[in-house]
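A short write-up of the structure that comes next.
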Amino acid sequence: MCGIVGAIAERDVTHILLEGLKRLEYRGYDSAGMAVVSSTSGIERIRSLGKVKELENLLNDENFTGSTGIAHTRWATHGKPSEQNAHPHVCNERVALVHNGTIENHEQLRANQENQFKFTSETDTEVIVHQVCSYLDSGKSLFEAVLAASKDLVGAYALGVVSRDNPDILLAACYGSPLVIGVGVGEYFIASDISALIPVTQQYIVLEDGDIAEITRQSLQIIDKDGKTVDRPIKISELSVESIGRGKYKHYMLKEIYEQPSSISQTLEGRIHNNLLIEETFGINAAEIFDKVKNVQIIACGTSYHAGLIAKYWFESIAGIRCNVEVASEFRYRDPVVIEDSLIVTISQSGETSDTIAALNEAKRLGFGKSLAVCNVPESSLVRNSDLVLMTRAGPEIGVASTKAFTTQLVALMQLVLVIGRRYKVTDSIESEILGHLKSLPRVLEEVLKLDSEIEALAEDFNDKHHALFLGRGSQYPVAMEGALKLKEISYIHAEAYPAGELKHGPLALVDESMPVIAVAPNNELMGKLKTNLHEVKARGGVLYVFADESMLIESEDNMKVIPIIAVHNSIAPIVYTVPLQLLSYYVARLKGTDIDQPRNLAKSVTVE
Ligand code: M6R
């Protein structure tokens with residue numbers, strides 16, 4: 001989704017802005033732009049359709065410098081991707097503005113403004129810059145104008161604003177869309193995501209909903225939604241330039257697949273004592289909240305939703321507590337029957353997914369109960385709005401396709417299953433046994449990653465395919481769903497997942513030699529039934545690729561390739577079988593030459609509805 005960077009310094013900031021935009025590329029975008037302001041040249045702006053590289057070329061061609069500026073990567077919501085729709089938007093060469101979020105009342109504001117201002121884009125954003133301009137025309141200061149304009153907006157916004165008449169001021173404001181202020185020495189920065197600022201500072205301030213900040217080189221003043229001057233704490237980011245680099249890997253996705261053993265170690269780190277979980281690590285009042293929980297309501301989107309589906313199997317079979325899982329965009333708009341004393345569990349890599357945040361608010365409003373966020377970003381909106389937090393500690397995930405975020409979510413969720421399960425079916429011996437399996441994961445996954453070249457070779461079979469079916473049973477069904485999502489997301493091959501038992505209820509009609517069928521087959525009580533399903537596919541001329549527990553000694557045969565997977569306990573099998581499917585998608589996409597880290601039309605964190 002869109003990204004914002006801004007800076008005010010004594011030095012030229014254009015390269016800081018450009019570098020910041022490059023660091024935000026992972027979020028997904030279709031165009032980019034930058035504006036600088038000075039007392040001599042006023043507002044200057046460059047914009048380009050396509051990659052930040054195009055903007056960089058423009059920057060190199062023109063003598064474009066300035067010490068106060070704003071920049072943006074746009075992911076189209078209102079109006080097609082084009083240079084004209086790219087930010088910054090400018091009003092009367094007087095104000096330039098970048099915006100993340102969506103403005104719901106933009107049509108109404110546009111209708112009011114059309115007599116006064118000439119519109120040059122189809123965006124919802126342009127009404128904001130005109131609104132600021134009209135308040136400036138009425139004699140307000142830049143700060144007052146942005147404050148007044150923000151009160152007219154319905155929707156979500158993070159804003160960076162500069163003005164010709166105040167070249168030494170950078171204005172920042174946000175509501176429902178994150179924005180941070182980076183603190184330097186004699187300079188400040190703004191960004192929608194601290195990772196954009198890491199080369200220039202690790203100190204940052206998180207703006208809260210309704211905050212407006214007036215920033216000069218030497219001063220920072222923040223006014224909250226009630227108009228009071230506030231001091232927001234300065235935090236130190238744990239990110240480093242190295243942690244957000246690609247290292248020796250060709251793509252972030254591959255790097256992140258390979259990071260899973262160490263990420264999972266981090267998810268477990270410091271949370272286990274004497275082979276049992278330390279309940280206080282879930283929050284100071286966690287025990288009191290968990291004692292009351294009678295139902296678990298999981299809400300999430302995409303890959304995080306798949307993690308929730310797996311957790312449902314675990315909550316019900318291991319913990320013995322009822323659990324519902326729902327896609328956030330559905331939950332937020334239906335009338336669910338409220339189950340009081342539920343724990344609302346949101347799962348999100350970014351913690352900024354708009355649907356998940358809205359669904360959480362809705363669940364709270366309806367009275368489901370207390371909330372817990374399973375999340376990877378400590379400062380995210382979801383974390384800030386939840387009663388309890390369980391950080392996944394996967395480290396920055398840059399590739400749009402979620403990999404290590406998913407497996408660490410599963411490890412975190414299993415921890416939650418165990419502590420809540422203590423109040424139900426989980427005994428100390430069950431808990432320590434499962435924790436033992438979780439602790440074995442880094443070693444087990446290192447073994448699975450050794451399949452890399454075998455899977456790379458297998459990917460050749462998919463290069464000319466247009467469709468694929470993924471099959472699993474039990475807690476492996478969501479693993480199949482996740483495998484299908486990964487394949488379609490980065491290779492653009494149409495892929496569907498089915499619980500294997502559903503095959504003969506319809507999808508079997510699709511099976512022929514052009515439809516590869518991928519099955520995940522750990523050694524569990526459903527194996528016999530899964531084998532029957534695989535025979536059904538073979539009998540119809542389907543070509544099978546089976547990731548199977550090596551201890552079952554299933555051999556490859558005509559039209560069935562078996563990829564043996566290290567034998568593991570059923571409790572961790574969903575985590576283990578996910579990894580070869582990630583590698584398969586990655587290598588198929590690589591053969592197809594797609595933009596693996598930034599697949600077309602997609603954004604890393606979906607901050608609009
Ligand atoms: O940041 P979140 O986990 O809330 O994001 C949810 C989905 O947008 C995300 O998982 C998406 O499905 C991924 N691109 C899948 O790889």
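The values are calculated or read from the model by the stated rules, or taken from the named source; none is laboratory data. Quick caveat, the model's predicted, so the values are computed rather than measured. Every residue, glycine among them, receives a Cβ derived from its backbone with ideal geometry; neighbour counts consider all protein chains shown. Areas reflect the complete protein model, heavy atoms only, side chains present, ligands, DNA and RNA absent. Shrake-Rupley method; radii C 1.70, N 1.55, O 1.52, S 1.80 Å.
The C-alpha atoms of the chain define a longest principal axis, and helix 404-421 lies at about 70 degrees to it. Placing +1 on the Cβ of every Lys and Arg and -1 on the Cβ of every Asp and Glu, with no other charges, gives the stretch 142-270 a dipole of roughly 440 debye about its Cα centre.
FRET efficiency for the pair Glu502 and Glu555, taken as 1/(1 + (r/R0)^6) with r the Cβ-Cβ distance and R0 = 35 Å, rounds to 0.85. Using a probe of 1.4 angstrom and keeping all protein chains present, the accessible surface of the chain works out to 38 square angstrom per residue. Rolling a 1.4 Å probe over the protein heavy atoms of the stretch 105-164, with every protein chain left in place, gives an accessible area that is 45 percent carbon and sulfur.
If both residues of a DSSP beta bridge must be in the chain, then about 60% of such bridges are antiparallel.
Relative contact order (percent) for the chain, with alpha-carbon contacts under 8 angstrom and 6 or more residues of separation? Each step should come with its number before you reach the end.
Details: 1368 pairs, mean separation 72.6, N = 609.
That works out to 12 percent.
Decide, for the stretch 255-336, between rounded, prolate and oblate: order the square roots of the alpha carbon gyration tensor eigenvalues as a ≥ b ≥ c, take rounded if a/c falls under 1.5, and otherwise choose prolate if a/b is larger than b/c, else oblate. Please list the in-between numbers first.
On the way: a/c = 2.08, a/b = 1.20, b/c = 1.73.
Judged from the Cα gyration tensor, the stretch 255-336 comes out oblate (a/c at least 1.5, b/c at or above a/b).
The Cβ shell under 15 Å around Thr123 holds other residues with a net charge of -2, Lys and Arg each +1, Asp and Glu each -1.
In terms of the Cα gyration tensor, with a ≥ b ≥ c the square roots of its eigenvalues, is the stretch 477-518 rounded because a/c is under 1.5, prolate because a/b exceeds b/c, or oblate?
Working: a/c = 2.69, a/b = 1.32, b/c = 2.03.
Oblate.
Rounded to the nearest 20, the Cβ-based charge dipole of the chain about its Cα centre (Lys and Arg +1, Asp and Glu -1) stands at 540 debye. If you take the Cα centroid of the stretch 63-94 and the Cα centroid of the stretch 447-522, the two points sit 42 Å apart. Working ranking of peptides 293-303, 170-180 by packing, defined as the average number of other Cβ atoms within 10 Å per residue, highest first, is 170-180, 293-303. Which FRET efficiency, nearest 0.05, do Phe119 and Val338 yield, Cβ-Cβ r, R0 51 Å? That gives a FRET efficiency of 0.70.
Computed from Cα atoms, the angle from the helix 527-539 axis to the main principal axis of the chain rounds to 80 degrees. Other residues whose C-beta falls under 10 angstrom from the C-beta of Gln260 contribute a net charge of -2, scoring Lys and Arg +1 and Asp and Glu -1. Restricting the calculation to alpha carbons of the stretch 428-573 gives Rg and Dmax of 15.5, 51 angstrom. Any idea how far the Cα center of the stretch 256-314 sits from the one of the stretch 12-50, in Å? So the separation of the two Cα centres works out to 39 Å.
Cysteine residues of the chain whose Cβ has no partner cysteine Cβ closer than 4.7 Å: Cys2, Cys174, Cys301, Cys323, Cys375. Simple rule: put +1 on each Lys or Arg Cβ and -1 on each Asp or Glu Cβ in the chain, find the dipole, and look at Val546, Ile347, Gly302; the Cα lying farthest toward the positive end is Val546. How far is helix 14-24 tilted off the main Cα axis of the chain, in degrees rounded to 10, range 0 to 90? Taking Cα atoms only, the helix is inclined about 30 degrees. Once the mean of 1/r is taken over each pair of separate Cα atoms and inverted, the stretch 205-308 shows a Kirkwood hydrodynamic radius of 19.0 Å.
Here the stretch 91-138 has an Rg and Dmax of 9.9, 27 Å, counting Cα atoms alone.
When Lys and Arg each count +1 and Asp and Glu each count -1, what net charge do the other residues less than 12 Å away from Gln415, Cβ to Cβ, add up to? Around Gln415, the charge tally is +1. Dividing the radius of gyration of the alpha carbons in the chain by their Kirkwood radius gives 1.00 for Rg/Rh. Considering the zone a paramagnetic label at Ala287 would reach in this model (a point 7 Å from Cα along the Cα-to-Cβ line), which residues of the stretch 343-374 have amide N under 12 Å from it? It comes to no residues whatsoever. Reported value for the stretch 387-438: 93 Å³ per residue, from the convex hull of its C-alpha atoms. Convex hull volume per residue, computed on the Cα atoms of the stretch 504-572, equals 88 Å³.
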